Amino acid sequence: MADSEAANYDISVIDVSPAGLDVTSKALVELSKSVAERIGTIHTTLNGLRVAWQGQAASDAEKVQNEWARVMTELFGTEEDPSLGVLPTLADGVGMAWGNFSVAEQGVTKIFTEFLTNLTATGSGDPEEVTDTNRTAVTMTFPY
């Protein structure tokens, strides 16, 4: 059953390492390529055995081969279009998250850099006097 309580965003923390996402997305791509190559070898070996199967064994083997091909296509896509597979899509999603968090990190860094620059900037002289009591930082009214 799903959690029915609303999230408290005042205490929730999202801790993301854009560099870690980048490394992970690249590793996922390489790992899925490696697994796909090994599965390709298994597939080739199984296809080579097909010649030896006869009768019911041959039809059973063909069913297994067809199911194997379907599952592998769902996992890895096809050679022509790997984006059809779950694993390449997952790696792409992690890569996109890396890009989004990197852009956000750069934006926050830029904002705080500008903030610091403006705080430490020296002016061209004393600030102008403010004598209008409606424009002061603190306005208080004292009772009699």
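Coordinate-derived values only; no laboratory data. No experiment lies behind these values; they were computed from the predicted model shown. Glycine gets a Cβ as well: all are built from the backbone with ideal geometry, and neighbour counts include every protein chain shown.
Return the pair list, or none, for Cβ contacts closer than 6 Å from residues in the range 16-27 that are under 11 Å from ALA97 (Cβ atoms) to residues that are of a type outside the set (Phe, Trp, Tyr), at least 6 apart or on different chains.
Matching pairs, first to second residue: PRO18/SER102; PRO18/GLU105; LEU21/VAL94; LEU21/ALA97; THR24/VAL94; SER25/ALA91; SER25/VAL94; SER25/GLY95.
Please determine, by comparing only the residues of the range 65-86 that are within 18 Å of LEU31 (Cβ to Cβ) and in a loop (DSSP other than H, G, I, E, B), which one is nearest to the chain's Cα centre (by Cα).
If we take residues in the range 65-86 being within 18 Å of LEU31 (Cβ to Cβ) and in a loop (DSSP other than H, G, I, E, B), then GLY85 is nearest to the chain's Cα centre (by Cα).
So which residues in the range 60-71 are surrounded by 11 or more Cβ atoms within 10 Å (Cβ to Cβ) and of a type outside the set (A, V, I, L, M)?
Correct list: ASP60, GLU62, GLN65, TRP68.
Please indicate, with yes or no, whether at least one residue in the range 48-59 is within 27 Å of LEU21 (Cβ to Cβ) and either touching a residue at least 60 places away in the same chain (Cβ under 8 Å) or over 23 Å from the mean Cα position of the chain (by Cα) (or both).
Of the range 48-59, the ones within 27 Å of LEU21 (Cβ to Cβ) are none.
So far as the range 48-59 goes, no, none of its residues is within 27 Å of LEU21 (Cβ to Cβ) and either touching a residue at least 60 places away in the same chain (Cβ under 8 Å) or over 23 Å from the mean Cα position of the chain (by Cα) (or both).
Which one is nearest to the chain's Cα centre (by Cα), of the residues in the range 87-128 that are polar (S, T, N, Q) and closer than 22 Å to PRO18 by Cβ? It would help to see each step written out before you state the result.
Of the range 87-128, the ones polar (S, T, N, Q) are 89, 100, 102, 106, 109, 113, 117-118, 120, 122, 124.
Narrowing further to those that are closer than 22 Å to PRO18 by Cβ: 89, 100, 102, 106, 109, 113.
Working: THR89: 11, ASN100: 8, SER102: 10, GLN106: 16, THR109: 20, THR113: 26 Å.
Ranking the candidates gives ASN100 first.
Condition first: of a type in the set (D, E, K, R), assigned to a helix (DSSP H, G or I), touching a residue at least 40 places away in the same chain (Cβ under 8 Å) and within 30 Å of ILE14 (Cβ to Cβ). Can you find one or more residues in the range 97-109 that meet it? So that I can check it myself, show each step before the final result.
Taking the range 97-109 as the starting set, the residues that turn out to be of a type in the set (D, E, K, R) are 105.
Subsequent filtering for residues that are assigned to a helix (DSSP H, G or I) retains 105.
Subset that is touching a residue at least 40 places away in the same chain (Cβ under 8 Å): 105.
Imposing the further condition that a residue be within 30 Å of ILE14 (Cβ to Cβ) reduces the set to 105.
Yes, the conditions are met somewhere in the range 97-109.
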